[in-house]
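*Asks:* Provided herewith is a single structure, encoded as structure tokens, for subsequent inquiry.
The values are calculated or read from the model by the stated rules, or taken from the named source; none is laboratory data. It should be emphasised that the depicted structure is a prediction, and the values quoted were computed from it without experimental measurement. Virtual Cβ from ideal backbone geometry, glycine too; neighbours counted across all protein chains shown.
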Amino acid sequence: MASQLRLRSALALVTGAGSGIGRAVSVRLAGEGATVAACDLDGAAARETVRLLGGPGSEEEAPRGAHAAFQADVSEARAARRLLEQVQDCFSRPPSVVVSCAGITRDEFLLHMSEDDWDKVIAVNLKSIFLVTQAAAQALVSSGCHGSIINISSIVGKVGNVGQTNYAASKAGVIGLTQTAARELGRHGIRCNSVLPGFIKTPMTQKVPQKVLDKVTGMIPMGHMGDPEDVADVVTFLASEDSGYITGASVEVTGGLFM
Ligand SMILES: CCCCCCCCCCCCC[C@@H](O)CC(=O)SCCNC(=O)CCNC(=O)[C@H](O)C(C)(C)COP(=O)(O)OP(=O)(O)OC[C@H]1O[C@@H](n2cnc3c(N)ncnc32)[C@H](O)[C@@H]1OP(=O)(O)O
Ligand SMILES: NC(=O)c1ccc[n+]([C@@H]2O[C@H](COP(=O)([O-])OP(=O)(O)OC[C@H]3O[C@@H](n4cnc5c(N)ncnc54)[C@H](O)[C@@H]3O)[C@@H](O)[C@H]2O)c1
């Protein structure tokens, strides 16, 4: 989709920006004119994303206001709060677009799943979105700025999936959290929406056993897995004023899988 510079005045914070969907989102938002704050647990990966964005900020010691990389574990409360402080220190304003992509899987059948694998997936996939959404919303409300918050859930949060009780619960929680945030923050001019990707070609899905990949690909009405850019296009729409009357929505990007 050709860029239309719909986000030329926006500052966008993207978590999980070092890989897959988060990297594609960062590239797409920058292509529409946004300044991107790319955050990842893997700081080097976040810096590589900023390098890929090109333009100011991709060089070392970039001038203030250019794209910037941040290292943070967004499942940690202090780190998430510090991240929003650092972004505002760097850009002198809160991010008006916030895209939470950070996520992990620790797949196992329920009968064998460890408490640690449950806790870790819930912390990264759900608690991080509570922490980042809260900190971003607090900054926007206190500065009287409007914003668009986009949280990456999954079609698994809608229909469940074998081997993913932890992941499915986390992604279903993202939907409920986002709908509630939409109800509370609408009066402040802050929109909150969820995106539910299906099977997308990223490092996350490369770990899936081939026999499962083969099974599910045959179930997709469009007949193939999606690309990260397919998700980034929808995220960019939700970040822009083209979706100005959309909040509390759950937008499926699945090729028709589990429609
Ligand atoms: C009838 C086919 C239906 C297929 C439906 C699949 C729907 C998936 C939609 C997901 C879209 C969004 C995903 C997105 O959010 C990003 C991700 O979450 S990517 C990770 C997705 N994870 C999985 O799908 C789990 C994959 N499974 C595993 O990782 C392992 O099977 C594991 C659960 C760790 C267990 O491993 P173990 O070695 O103990 O067992 P096997 O791998 O040999 O599996 C045993 C049998 O169970 C079948 N199986 C496993 N997972 C699935 C699954 N997700 N859906 C259907 N069937 C599954 C596997 O095929 C084996 O069957 P069989 O004994 O007949 O060979
Ligand atoms: N790939 C798919 O098929 C698919 C489908 C539906 C939903 N999703 C979701 O999309 C999002 C992005 O997934 P992806 O496929 O791009 O995966 P990915 O593994 O390529 O990228 C995930 C990124 O999140 C980062 N991350 C992990 N834990 C973090 C933490 N605690 N703090 C900060 N960063 C952290 C990782 O370092 C990585 O760069 C995830 O939330 C995932 O659950 C993916």
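*Asks:* Does the stretch 145-168 hold any residues that are β-branched (Val, Ile, Thr) and buried (at least 20 other Cβ atoms within 10 Å of the Cβ), and which are they?
*Replies:* At the first step, the residues of the stretch 145-168 found to be β-branched (Val, Ile, Thr) are 149-150, 152, 155-156, 159, 162, 165.
Matches in the stretch 145-168: Ile149, Ile150, Ile152, Ile155, Val156.
*Asks:* Quick one: is Ser154 within 14 Å of the chain's Cα centre (by Cα) and in a loop (DSSP other than H, G, I, E, B)? Reasoning before the result, please.
*Replies:* Numbers: within 14 Å of the chain's Cα centre (by Cα): yes; in a loop (DSSP other than H, G, I, E, B): yes.
The answer is yes for Ser154.
*Asks:* Within the stretch 88-107, restricting attention to residues that are β-branched (Val, Ile, Thr) and surrounded by fewer than 24 Cβ atoms within 10 Å (Cβ to Cβ), which residue is farthest from ligand 2 (Cβ to nearest atom)?
*Replies:* Step one: filter the stretch 88-107 for residues β-branched (Val, Ile, Thr), giving 97-99, 104-105.
Pick out the ones that are also surrounded by fewer than 24 Cβ atoms within 10 Å (Cβ to Cβ) and you get 104-105.
Values: Ile104: 5, Thr105: 7 Å.
Only one residue tops the list, namely Thr105.
*Asks:* Output the residue which, of all residues in the stretch 220-241 that are assigned to a loop (DSSP other than H, G, I, E, B) and free of Cβ contacts under 8 Å to residues at least 40 places away in the same chain, is nearest to Arg23 (Cα to Cα).
*Replies:* Filtering the stretch 220-241 for residues assigned to a loop (DSSP other than H, G, I, E, B) gives 220-225, 227, 240.
With free of Cβ contacts under 8 Å to residues at least 40 places away in the same chain added as a condition, the list becomes 220-225.
Numbers: Ile220: 24, Pro221: 26, Met222: 24, Gly223: 24, His224: 21, Met225: 18 Å.
Looking at residues that are assigned to a loop (DSSP other than H, G, I, E, B) and free of Cβ contacts under 8 Å to residues at least 40 places away in the same chain, I get Met225.
*Asks:* If you go through the stretch 160-203 one residue at a time, how many are touching a residue at least 24 places away in the same chain (Cβ under 8 Å), more than 12 Å from ligand 1 (Cβ to nearest atom) and either assigned to a helix (DSSP H, G or I) or among the aliphatic types (A, V, I, L, M) (or both)? Spell out the reasoning first.
*Replies:* Taking the stretch 160-203 as the starting set, the residues that turn out to be touching a residue at least 24 places away in the same chain (Cβ under 8 Å) are 162-167, 169-171, 173-175, 177-179, 181-183, 185-186, 188-203.
With the extra rule that they be more than 12 Å from ligand 1 (Cβ to nearest atom), the set shrinks to 169, 173, 175, 177-179, 181-183, 185-186, 188-194.
Checking which are either assigned to a helix (DSSP H, G or I) or among the aliphatic types (A, V, I, L, M) (or both) leaves us with 169, 173, 175, 177-179, 181-183, 185-186, 188, 190.
Number satisfying all stated conditions: 13.
Yes/no matrix, rows are residues, columns are (1) away from ligand 1 (no atom under 16 Å from the Cβ); (2) not aliphatic (A, V, I, L, M):
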{"site": "Leu111", "(1), (2)": "no, no"}
{"site": "Ile122", "(1), (2)": "no, no"}
{"site": "Lys127", "(1), (2)": "yes, yes"}
{"site": "Ala135", "(1), (2)": "yes, no"}
{"site": "Gln138", "(1), (2)": "yes, yes"}
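*Asks:* May I pose another question? Checking the structure you have, find out if any residue of the stretch 242-256 is touching a helix residue (DSSP H, G or I) at 6+ places or on another chain (Cβ under 6 Å), part of a helix (DSSP H, G or I) and more than 10 Å from ligand 1 (Cβ to nearest atom).
*Replies:* Filtering the stretch 242-256 down to residues touching a helix residue (DSSP H, G or I) at 6+ places or on another chain (Cβ under 6 Å) leaves 243, 247-248, 250-251, 253.
Of the ones still in play, those that are also part of a helix (DSSP H, G or I) are 243.
From the residues that got through so far, the ones that are more than 10 Å from ligand 1 (Cβ to nearest atom) too are 243.
Within the stretch 242-256, one or more residues are touching a helix residue (DSSP H, G or I) at 6+ places or on another chain (Cβ under 6 Å), part of a helix (DSSP H, G or I) and more than 10 Å from ligand 1 (Cβ to nearest atom).
*Asks:* What's the number of the only condition in (1) more than 25 Å from Thr49 (Cβ to Cβ); (2) within 20 Å of the chain's Cα centre (by Cα) that Gly147 fails to meet?
*Replies:* (1)
*Asks:* I would also like to ask the following. Which of the residues spanning the stretch 108-146 are part of a loop (DSSP other than H, G, I, E, B) and either at pLDDT below 95 or hydrophobic (A, V, I, L, M, F, W, C) (or both)?
*Replies:* The first filter runs over the stretch 108-146 and keeps only residues part of a loop (DSSP other than H, G, I, E, B), leaving 109, 113-114, 144-146.
Across the stretch 108-146, the qualifying residues are Phe109, Met113, Cys145.
*Asks:* Out of all the residues in the stretch 215-238, is one or more of a type outside the set (A, V, I, L, M, F, W, C), surrounded by 22 or more Cβ atoms within 10 Å (Cβ to Cβ), touching a Leu at 6+ places or on another chain (Cβ under 8 Å) and under 17 Å from Val97 (Cα atoms)?
*Replies:* Yes.
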